[in-house]
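This report refers to the structure that appears directly beneath it.
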Amino acid sequence: MWSHEDLFDIFRGNFPYYLLIAFPILLILSPMPVSGSVEFPVFRLQQFELHGSTYGSQSSLVNVEARTLDSGSYARRCVLVRIKDLTPSLYHQLVNQGAAALLILLPKSLNSLSLEHKELIWELEEVLIDTEVQMAVYLAYESAELTDIYDSVRTFTNTDSASSAAAALLSSLSSDGYQMVVGGSQSKKISDSFIANIHGRLAGYGVEEQLPTIAIVAHYDAFAAAPELAFGADSNGSGVVALLEIARILSKLYSSVRTHPQKNILFLLSGGGFFNYQGSKRFLEDQLDASDSPLLSEIEFALCLDTLTNGSSLNFHASRKPKENTPPFQFYTALEEAGKQLGVNIEMIHKKINLKEDLQSWEHEKYSMRKITAFTLSRLSNPKTGERGSLTDTFEVLNATVLKERVAVIVAGLLKYIYNRPVDDLLAGGLSVTEDSINSWLSLLKSQPRSTQMLSGKNNPFISSLHQILSRYASEVKTALNKADRRDPEWVFYDNWRSSMTAYAVKPASFDFVLTLVIAAYLSVVYLFLQYFPRLFSFLYKLTATQRLKIN
Amino acid sequence: MTFFHFGNCVALAYGPYFLTYKYSTLPEYGAFWKCAQVGGIYIFTQLCKMLILATFFPTSEGSSESVNLFHEIIKATIDIGDLLGLSLVIAKTVGGSQSVGSGHIKILTAGLGWAAADLFLTRALPLWVGARGLQFDWKYILMSLDANVSLISHLSVATLIWLWLRNDLAAQLRPLIAILLTFSIYRHLIPVLLNMFMSTKPEGFSLFALTSIPTLCVAFISLTSFYSLLCSCSE
């Protein structure tokens, strides 16, 4: 039979050493629980390379304690901050102090913000993207749970400035800290990323090769601080809507013998519009450098559509002032007349291309650089306000009625130019821009974020649906997938756009230490109790005995 | 939280068991193996209980949210199996003389063995899995504290059963002991009843206090009855 001595004999042998090996194995194998913790979706800041320079946050892993801006030190911490509290200088301060992560809380609806706030957000977004940082930066919509965490962390970190060590200890024992964790693997390069161009054409009446061609271009991608939040309603959802609507109306005119014009139309839905117009650049290279370039022969001009809704006027951006009696000038006057009719002011803005700059500000500059007359129609007078490609550019803000009016102006101007006569009769005959079709294009665009990297897969469903829609109205529709150069890639995208962050309530290490002391004290009380149990026993015995004697 | 926290919880849960064994003259009697045997019987009893529960009282599916008093009472009633098992242990397995003087050894061996087996089987895994996680939760400390209360509870039940099995127990004490034993079976119903009739759902420390204070009272009463028997015998 075993006695307890036998059992303890085991511990005298090699057994303890086996335990030393077994424990770490058990530790690794046993699963980590997630019960009780708060999990929420987070959207990672942009991370990409363009023309060899790096942008955005270079890391995606987080496993550090949370702090708010109230605590003075941010080193190796995850800083929680509301977007309205974050300023560019504060961001640089966080980076310099070596914060490990940053979680930016977005208000539930961005469209309720005032213009002033939006301008601050645009400014901040630019800084966030342009600064290359090692820390992981995430954005999240502020839910009720996140508000609780934020408030809790705030009171928790205020103990850093408590009056005495004891007070700090006491308050840290009573409040919760949070450990923020984003697991998974570190963000890495997406090896096969394509920028797709979709182009199709409408052939004019006559010998096709000898007819002049008008190119209508809109880039379909969107941009924001986080790829997953890039819905790009106005830029450039509105451009795509306008292009599709023009294609819809022109296809009807081109299919009827009576109204078949003597001009070719080329439609191009280009990709990479926020990556220095890589789509247009590649398209031009492919078409112009090819030995036979049927698409761009006899081109009159290229019309780029970018950011059309809202505001009071449309701006006609050109890099060179069109001379009188040239096609661009005729188109401009046609457009002006149509605008006058429909109450939209058309303004000419001309700005020379700065060849020293790597990045072009408007898409038409890519065409102008290749000696093709081109201009951009946009409501923006300046491309660099930050309004293009922002978090705030959501479909809730987009006014479909205004967009319809803008598209109507462009269609009227274009038709006027193509037929070189008033076109009110054509537009009246069931060919007008309708809100129904505008809304149907919008619902397609609304369905998913359209950041360039999210559409860079080989068989992206969004690209294929654009292809399908365009092939309804134009012929020879092709999707060209452009791959970055192998040795010297123009663009490199990184993955991990969306993760889930987990906030674990934690206590500081000092809490465990205090707990150990309390438990030790408790155990010694138990020990004393057991030690003096016989004495207590005899005391009680005597007490009851005397009572019994008294009774007897 | 950390492995350190897990260590704390384990120390809090297992410390009193170890101290009780070490400093209650049990080692002098070489009672370790006896305790282990008691643990074996505990496991057997639990298996029987589970079989009976699964065979005769299949769980009502779906309505896990609503508290069914009938089911709760049945579940608590099955705990009579515990009493039967413990009485078997005290009557047969734990040997020793039938004298009153060795009574405390019997009670300690049976109660401690039973409680230790209970602790190993019901609390070791949740602590191992939960207390090491990143998330801090008071429930693991409460679970460890509850282990201490359940040690006292098991010891007091063992005392009561031992008293019940004595022939020389004063007749007027028997109803009291019967009531206490019944209470010890149904004590887990206290929070359920509170939840049903007063629509308050105690949690955390208040729940712990609610279940532990009656247990401590029962323990105190059973201890004094044990002493009174001891006194009456030695006189």
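Return a yes/no flag: does the range A:485-499 have any residue that is part of a strand (DSSP E or B) and open to solvent by 50 Å² or more (accessible area, probe 1.4 Å).
The initial filter retains those residues of the range A:485-499 that are part of a strand (DSSP E or B), namely A:491-494, A:498-499.
Filter once more, keeping what is open to solvent by 50 Å² or more (accessible area, probe 1.4 Å): A:498.
Yes, that holds for at least one residue.
Answer yes or no: is there a residue in the range A:255-262 that is in contact with a Lys or Arg (Cβ under 6 Å, 6 or more places away or on another chain), at negative phi, open to solvent by 40 Å² or more (accessible area, probe 1.4 Å) and of a type outside the set (Gly, Ala, Ser).
The first filter runs over the range A:255-262 and keeps only residues in contact with a Lys or Arg (Cβ under 6 Å, 6 or more places away or on another chain), leaving none.
Checked the range A:255-262: no residue is in contact with a Lys or Arg (Cβ under 6 Å, 6 or more places away or on another chain), at negative phi, open to solvent by 40 Å² or more (accessible area, probe 1.4 Å) and of a type outside the set (Gly, Ala, Ser).
Condition test on B:Ala13, is it within 19 Å of the chain's Cα centre (by Cα), in contact (Cβ under 8 Å) with a residue 12 or more places away in the chain and under 18 Å from B:Arg132 (Cβ atoms)? Judged against the criteria, B:Ala13 is a match.
Take the conditions (1) within 27 Å of A:His51 (Cβ to Cβ); (2) over 29 Å from the mean Cα position of the chain (by Cα); A:Phe275 misses just one of them, which is (2).
Yes/no per residue for (1) touching a strand residue (DSSP E or B) at 6+ places or on another chain (Cβ under 7 Å); (2) charged (D, E, K, R); (3) not assigned by TED's automatic domain parsing to the domain that holds A:Leu296:
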site	(1), (2), (3)
A:Thr373	yes, no, no
A:Ser381	yes, no, no
A:Asp393	no, yes, no
A:Val407	no, no, no
A:Asp424	no, yes, no
A:Ala428	no, no, no
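Quick one: how many residues across the range A:97-114 are surrounded by 14 or more Cβ atoms within 10 Å (Cβ to Cβ), assigned to a loop (DSSP other than H, G, I, E, B) and modelled with pLDDT of 85 or more? Matching residues across the range A:97-114 total 2. The set of residues from the range B:9-22 being open to solvent by less than 10 Å² (accessible area, probe 1.4 Å) and either over 20 Å from B:Leu155 (Cα atoms) or more than 7 Å from every other protein chain (Cβ to nearest Cβ) (or both) comprises B:Cys9, B:Ala13. Does A:Asp495 satisfy the criteria of being closer than 27 Å to A:Leu139 by Cα and away from chain B (no Cβ under 14 Å)? So A:Asp495 passes the test. Checked against the criterion of being within 14 Å of another protein chain (Cβ to nearest Cβ), within 30 Å of B:Phe6 (Cβ to Cβ) and modelled with pLDDT of 90 or more, the candidates A:Ala509, A:Ala520 yield just one match: A:Ala520. Flag set for A:Phe329, criterion: open to solvent by 20 Å² or more (accessible area, probe 1.4 Å) and modelled with pLDDT of 85 or more.
Output the number of residues of the range A:361-395 satisfying the condition of being among the polar types (S, T, N, Q) and over 30 Å from A:Leu113 (Cα atoms). Going through the range A:361-395 one residue at a time, the tally reaches 2.
Kindly indicate whether A:Val397 is surrounded by fewer than 21 Cβ atoms within 10 Å (Cβ to Cβ) and in a loop (DSSP other than H, G, I, E, B). In short, yes. The residues on offer are A:Ser280, A:Ser251, and the sole one that is more than 22 Å from A:Tyr419 (Cα to Cα), outside any loop (DSSP other than H, G, I, E, B) and touching a residue at least 40 places away in the same chain (Cβ under 8 Å) is A:Ser280.
Do we have A:Asn236 as surrounded by fewer than 24 Cβ atoms within 10 Å (Cβ to Cβ), over 30 Å from A:Gly206 (Cβ atoms) and under 21 Å from the mean Cα position of the chain (by Cα) here? It is false that A:Asn236 is surrounded by fewer than 24 Cβ atoms within 10 Å (Cβ to Cβ), over 30 Å from A:Gly206 (Cβ atoms) and under 21 Å from the mean Cα position of the chain (by Cα).
Within the range A:370-394, which residues are among the aliphatic types (A, V, I, L, M) and either farther than 26 Å from A:Ala334 by Cβ or assigned to a loop (DSSP other than H, G, I, E, B) (or both)?
Initially, the range A:370-394 is screened for residues among the aliphatic types (A, V, I, L, M), giving A:372, A:374, A:377, A:380, A:391.
Residues satisfying the conditions are A:Ile372, A:Leu380, A:Leu391.
Just one of the listed residues (B:Lys49, B:Lys106) is at pLDDT 80 or above, out of contact with any Phe, Trp or Tyr (no Cβ under 9 Å at 6 or more places or on another chain) and surrounded by 14 or more Cβ atoms within 10 Å (Cβ to Cβ), and it is B:Lys49. Within the range A:133-141, is there a residue that is away from chain B (no Cβ under 14 Å), at pLDDT below 90 and open to solvent by 10 Å² or more (accessible area, probe 1.4 Å)? No, that holds for no residue.
Out of everything in the range B:33-46 that is within 19 Å of the chain's Cα centre (by Cα) and open to solvent by 30 Å² or more (accessible area, probe 1.4 Å), what residue ends up being nearest to the other protein chains (Cβ to nearest Cβ)? Restricting to residues being within 19 Å of the chain's Cα centre (by Cα) and open to solvent by 30 Å² or more (accessible area, probe 1.4 Å), the top hit is B:Ala36.
Only one of A:Glu49, A:Glu39 is of a type in the set (Asp, Glu) and within 14 Å of chain B (Cβ to nearest Cβ). Can you tell me which? Walk me through how you get there before you give the answer.
On the way: A:Glu49 fails: within 14 Å of chain B (Cβ to nearest Cβ).
Only one candidate qualifies: A:Glu39.
The values are calculated or read from the model by the stated rules, or taken from the named source; none is laboratory data. Not measured: the values here are computed from a predicted model. When we count neighbours, we look across all protein chains shown, and the Cβ atoms used for this are built from the backbone with ideal geometry, even at glycine. These area figures cover heavy atoms from the full protein model, side chains too; ligands, DNA and RNA do not enter into them. Shrake-Rupley method; radii C 1.70, N 1.55, O 1.52, S 1.80 Å.
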